[in-house]
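To start, the structure under review is shown below, and the notes come after it.
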Amino acid sequence: MKSSELRQAFLDYFRREGHVVLPSSSLVPNDPTLLFTSAGMVQFKDIFWGKIPPRYPRAATCQKCFRTTDLERVGLTPYHHTFFEMLGNFSFGDYFKEGAIKLAWKFLTEELSLPRERLWVSVYEEDEEAYCIWRDVIGIPEERIVRLGKDQNWWGPVGNSGPCGPDTEIYWDWGDPPCGPDCKPSCDCGRFSEIWNLVFMQYDAQPDGTLRELARKNIDTGMGLERMTAVLQGVRSNFETDLFLPVCETIQNLAPSPITHHPLPITHHPSLNVLADHIRAVVFLVADGVIPDSKESRGSVLRKVFMRMFRHGEKLGIPGEKLVHLVDPVIETLGPTYPEIVERRALAERIIKSEAEVYRRRRQTLNRLFSQLPEGTTVIPGEVAFTWYDTHGIPRDFIEAEAQEHGLSVDWEGFEREMERQRARSRTVELHATVRIETSVSAFMRSTKFVGYTTLVTESQLREISGADGQLLDCLSRGAEGNFVFSETPFYAEAGGQIADTGWIENLSRPGHAEVLDVQKSPQGTLHKVRVVSGEFRPTDRCLLRVDEERRRKIQRAHTATHLLHAALRKVLGEHVIQAGSWVGPEELRFDFTHFSALAPDELAEVEKLAFAAVLRDTPLRVEELPLEEAKKKGAIAHFEEEYRGKEKVRVVEVPGVSMELCGGTHMSRTGEIGPIVILSEESVSAGTRRIRALVGERARIFLAELREERKRLAQLLEVPEGEVLAKAEKVLAELSALRRENERLREELAKLRARELASRAEEVNGTKLLGAVVEGDPEAVKILADRLTEFLGKSVVILGTVHSGRGFLVAKVLGVEKVSAGEIVKTGAKVLGGSGGGRPNFAQGGGPRGENLQEAIAAAVEHARTGLRQIQS
């Protein structure tokens, strides 16, 4: 049976058995506590934990999963993987142990027609109920039912409390002779293959270790598609199944020489298995929006997989960039089931090429660092390894692998001590920052109602006044600065990348006028940093708050433009693009986003075009407040979802047909109000993160007007019509380049002529020509002349000097003489010039501010060289 047939048979069977068949969820889970989806139950976690009610009593899935817990074993065993597919059936308070066991047994023995006598089971040693079901209901002989302890047949809880329970596992017996009298599924002789795990979520573990029966008991099962396929296809290694063979064959074809089998029972060479496994992980992670980077995140895990893949590719003689050819067999094998990898094929290929270059650079850096280790090193000190990791960005496992290849070990205990010191420093900084914050605000939490979405002017009571040090004040008078807290405000406090509003506050209770300089959130409410212009303010005063409307509108134009740019970037580059930060000011913006390489000019132009197209359509924005889950179901993008969790409702800002995002910022009511959008630049912020800078509205118009004026001025300078500026500039640059080449040629000719003239002045000392002279020209010309002189003189020492921009400049060239150093010669002369110099033994340069002493400097340098030459034995 093919793997695709097994996948379909499983889902069809459980659909007939009353299960709702659901699609696989993303490898990036909707759960801030998890980096990746590592099991089929992840998408049902909130149901199992009792946070949300189930929508159906039974479900079945084929879930794509990613794990790195056994990363170092991948390639060394027939069945460990990073990316794999997990077939699973789930019961939410419906059937329990007997139902799950009967369903599993029927599928294996009737649907798949596996011989009953080749199937063994294990149960938790205290789970008498499961044991009896297998023995009495299913009819498995007692000798094929194995009781095992908690370390093998118990699941959960995650953490120190929560759902947990016993499980039962089903094994396939390959029919090998017993390895001994106790040969059973718990041993690792290779005779048995675990094919299915049925978890009985029966208890709620308490923090004190006690177990309480769950009111609603659940079933969570997992059957590895890869292992089950191996059983059905009669092969002992997953890498021999139709899931991997196309990839393995491509690897064999890419390798410069045949890849021999390995003595371990894994069928293929370990490095071949690693490549076959890791390329699948790469293709699927990229398709689900994970981009490699160096931070402690999903991106760093993907980069680790890449580095491991490239290293094993090197072992087989396959350069990193050639591994792009492995994408096709993965897509041919799994694309029909997972169309997202077909859609992201080009992106995966581009990232592989980009990461191959990252690997090459890191490899060069690491080789250089290893070459700098003291001779005789056997153990790399922990502080050295940590410096490589922290300063040069070399991953820990990369260092370990390279050390092993050099026959060295690493002091990882010392490394961890350095890591802990760094963590301690970070904690100290955070603690000090926390102390400063806590001492500068009130000890109680209060909030200020924000009314600035609908109005820019409001009356509000002044609730509290504080100084810059956070101390509460009874009054703030003319010329003083402080902080005001109101019960409600139209002023937007800096958040989500949008800068704070500014404006004015008028005291309605007594004469007083203040300018609002900044607005920030705090535990005591929204802090309005103010400077009192006239009069005074006291707590409980009634005030009129007025936002600078013109400035707010400018900021709103830029903020709405970031949404249009984000949507355009995702359309041009792919849905892996996610906002990674922003700064939104008055008609100017910075937008950071996840992407692995610089945008090509045509890509940047297309992004700008798409963003401005939305402006031209003058689309009205829709803003509504929804529960988080409902907003996400509608398709709203949550850049920093953890900020919204726990809130009853979230604000959804939609540009119909363009974008829908969770956003607490302020926006224009229609896209047409933004005006022109001009992208100024696109650049790297860090590995895996790019930044766009752009102007909108009036600032963009001014920028375009300045460009127009510059073009007019260029046309005048070049004496051509404006439409011919570029062609004329290219022509002028070409002519200039030709003149420079001619100038260099003439310079060389002049140097040769001057060299012939000067060569006749050289003296001979102990078989070596020695020449010192003051010449005219810039430093570059003097260096060229020194080269020509040594060509004429052969074995020689040439010392030349010139005065340039009021400074004395020296150059020394030594040819064919080992015991005379050009660097020492220049240092001697440069002292006379009041400066210094140095270089290599055969070439050096230097100088100083006392250009008037050049003749003396040359004389001192020549005498130093003459002395050195006389000391050389003929």
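Of note:
- Members of region 496-529 that are without any contact (Cβ under 8 Å) to a residue 60 or more places away in the chain, more than 21 Å from His667 (Cα to Cα) and not in a strand (DSSP E or B): Leu508, Ser509, Arg510, Pro511
- For region 698-729, a residue qualifies if it is closer than 30 Å to Glu673 by Cβ and either touching a residue at least 24 places away in the same chain (Cβ under 8 Å) or outside any helix (DSSP H, G or I) (or both), and the qualifying residues are Glu698, Arg699, Ala700, Arg701, Phe703, Leu704.
- In this structure, Leu750 does not satisfy being open to solvent by less than 20 Å² (accessible area, probe 1.4 Å), touching a Leu at 6+ places or on another chain (Cβ under 9 Å) and not aromatic (Phe, Trp, Tyr).
- When Leu476 is tested against the conditions (1) under 25 Å from Arg552 (Cα atoms); (2) open to solvent by less than 50 Å² (accessible area, probe 1.4 Å), the lone failure is (1).
- Looking only at region 613-628, residues that are more than 19 Å from Val652 (Cα to Cα), surrounded by 13 or more Cβ atoms within 10 Å (Cβ to Cβ) and more than 31 Å from the chain's Cα centre (by Cα) come to 2 in all.
- Residue check for Thr455: modelled with pLDDT of 95 or more, open to solvent by 40 Å² or more (accessible area, probe 1.4 Å) and among the polar types (S, T, N, Q): yes
- Tally of residues being aromatic (Phe, Trp, Tyr) and outside any strand (DSSP E or B) across region 107-137: 3
- Candidates Arg350, Arg361, Arg344 - the one that is buried (at least 20 other Cβ atoms within 10 Å of the Cβ), more than 20 Å from Thr68 (Cβ to Cβ) and within 21 Å of the chain's Cα centre (by Cα): Arg344
- Each residue in region 43-71 was checked for being among the aliphatic types (A, V, I, L, M) and modelled with pLDDT under 90, and 3 pass.
- Candidate set: region 224-251, residues that are within 32 Å of the chain's Cα centre (by Cα) and part of a loop (DSSP other than H, G, I, E, B); chosen: the one surrounded by the fewest Cβ atoms within 10 Å (Cβ to Cβ): Leu243
- Test set (1) closer than 26 Å to Asn766 by Cα; (2) in contact with a helix residue (DSSP H, G or I) (Cβ under 9 Å, 6 or more places away or on another chain); (3) of a type outside the set (Val, Ile, Thr) - Gly808 fails condition number: (1)
- Residues satisfying the criterion are absent from region 138-154 (criterion: within 24 Å of Thr109 (Cα to Cα), of a type in the set (Asp, Glu) and assigned to a strand (DSSP E or B)).
- Any hit, region 252-273, residues being in contact with a Pro (Cβ under 9 Å, 6 or more places away or on another chain), closer than 30 Å to Leu119 by Cβ and not in a loop (DSSP other than H, G, I, E, B): yes
- For region 69-86, a tally of residues being of a type in the set (Val, Ile, Thr) and either open to solvent by 60 Å² or more (accessible area, probe 1.4 Å) or not in a loop (DSSP other than H, G, I, E, B) (or both) returns 1.
- Listed by first and then second residue, the pairs linking a residue in region 646-657 that is on the phi > 0 side of the Ramachandran plot to a residue that is surrounded by fewer than 20 Cβ atoms within 10 Å (Cβ to Cβ) and modelled with pLDDT of 90 or more, with Cβ atoms under 8 Å apart and 6 or more places separating them unless they lie on different chains, are Gly657/Thr619.
- Scan of region 555-588 for residues that are open to solvent by less than 30 Å² (accessible area, probe 1.4 Å) and either without any contact (Cβ under 8 Å) to a residue 24 or more places away in the chain or over 22 Å from the mean Cα position of the chain (by Cα) (or both), ordered by number: Ile555, Gln556, Ala558, His559, Thr560, Ala561, Leu564, Val577, Val584, Gly585, Glu587
- Of the candidates Tyr203, Tyr131, Tyr171, the single residue that is in contact with a Cys (Cβ under 6 Å, 6 or more places away or on another chain), among the aromatic types (Phe, Trp, Tyr) and open to solvent by less than 60 Å² (accessible area, probe 1.4 Å) is Tyr203.
- Taking residues in region 348-368 that are more than 15 Å from Leu326 (Cβ to Cβ), and partners anywhere that are in a helix (DSSP H, G or I) and open to solvent by 40 Å² or more (accessible area, probe 1.4 Å), the pairs with Cβ atoms closer than 7 Å and at least 6 places apart or on different chains are Thr365/His392.
- As a summary of the residue check, Asp208 satisfies the conditions (1) in contact with an Asp or Glu (Cβ under 6 Å, 6 or more places away or on another chain); (2) farther than 24 Å from Arg58 by Cα; (3) open to solvent by 30 Å² or more (accessible area, probe 1.4 Å) except for the one numbered (1).
- Looking only at region 513-526, and only at residues there that are open to solvent by 30 Å² or more (accessible area, probe 1.4 Å) and touching a strand residue (DSSP E or B) at 6+ places or on another chain (Cβ under 7 Å), the one that is modelled with the lowest pLDDT: Lys521
- Residue satisfying all of: in region 793-841; surrounded by 18 or more Cβ atoms within 10 Å (Cβ to Cβ) and assigned to a loop (DSSP other than H, G, I, E, B); nearest to the chain's Cα centre (by Cα) among these: Gly835
- Of all residues making up region 8-30, the number that are crowded, with 16+ Cβ neighbours inside 10 Å and under 34 Å from the mean Cα position of the chain (by Cα): 8
- Count of residues meeting criterion [farther than 12 Å from Glu85 by Cα and either crowded, with 17+ Cβ neighbours inside 10 Å or small (Gly, Ala, Ser) (or both)] in region 31-54: 11
- Across region 274-292, the number of residues qualifying as charged (D, E, K, R) and either at positive phi or in a helix (DSSP H, G or I) (or both) comes to 2.
- Remark: Ser669 falls outside the filter, which requires a residue to be open to solvent by 40 Å² or more (accessible area, probe 1.4 Å), within 27 Å of Pro292 (Cβ to Cβ) and either at pLDDT 95 or above or not charged (D, E, K, R) (or both).
- Only one of Ala705, Ala734 that is among the aliphatic types (A, V, I, L, M) and either more than 41 Å from the chain's Cα centre (by Cα) or surrounded by 13 or more Cβ atoms within 10 Å (Cβ to Cβ) (or both): Ala734
- From Gly299, Gly317, Gly222, residue being at pLDDT 90 or above and farther than 17 Å from Phe84 by Cβ: Gly317
- From Arg116, Arg191, residue being surrounded by fewer than 19 Cβ atoms within 10 Å (Cβ to Cβ) and of a type in the set (Lys, Arg): Arg116
- Filter pass, Lys64 being open to solvent by less than 40 Å² (accessible area, probe 1.4 Å), at negative phi and in contact with an Asp or Glu (Cβ under 9 Å, 6 or more places away or on another chain): yes
The values are calculated or read from the model by the stated rules, or taken from the named source; none is laboratory data. Since the structure is predicted, the reported quantities are computational estimates derived from the model, not experimental observations. A quick note on method: Cβ atoms are made from the backbone with ideal geometry, for glycine too, and the neighbour counts reach across all protein chains shown. We work out accessible area using only protein heavy atoms, side chains counted, and drop any ligands, DNA or RNA first. Shrake-Rupley method; radii C 1.70, N 1.55, O 1.52, S 1.80 Å.
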